[in-house]
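Take a look at the structure below.
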Amino acid sequence: MALHVARWGTGYAVFDGKVRKTRAYSHRELALRQMDLMEEAARREGQARERACLSCGARFWSECFGHRMCNRCRERKSGLDARMLG
């Protein structure tokens, strides 16, 4: 994905090559922010997959490389952290 921002009508839009991917935004900064969100979503999509939880071994859908514990274990671990802090 080679996204870039260019003029479109009276505003700015995100393009992939010559194909417009978004609506026209009134300010270039808004189009740049949308482009960043699109790139981040594409990056995460490439890393999303089923993984084994590092704590209990259960299989779960992980959104990115850093998401390595299932929600049940995350909740349990966060409760322990709060109690340890007092």
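FYI, it's all coordinate maths here, none of it is from the lab. All values reported here derive from a predicted model rather than from experimental measurement. Every residue, glycine as well, gets a Cβ built from its backbone with ideal geometry; the counts of neighbours run over all protein chains shown.
Taking 41 Å as R0, compute the FRET efficiency from the Cβ-Cβ separation of Ala24 and Arg59 and round it to 0.05. List each step's numbers first, then the result.
Numbers: r = 43 Å, r/R0 = 1.06.
The value I calculate is 0.40.
What is the extension gain from Ala48 to Arg7, computed as 0.36 nm multiplied by their sequence separation minus the C-alpha to C-alpha distance, in nm to one decimal? Each step should come with its number before you reach the end.
On the way: separation 41, 0.36 × 41 = 14.76 nm, distance 3.29 nm.
Extending this stretch completely gives an extra 11.5 nm.
Any chance you could give the angle, 0 to 90 degrees and rounded to 10, that helix 71-85 forms with the longest Cα principal axis of the chain?
Taking Cα atoms only, the helix is inclined about 70 degrees.
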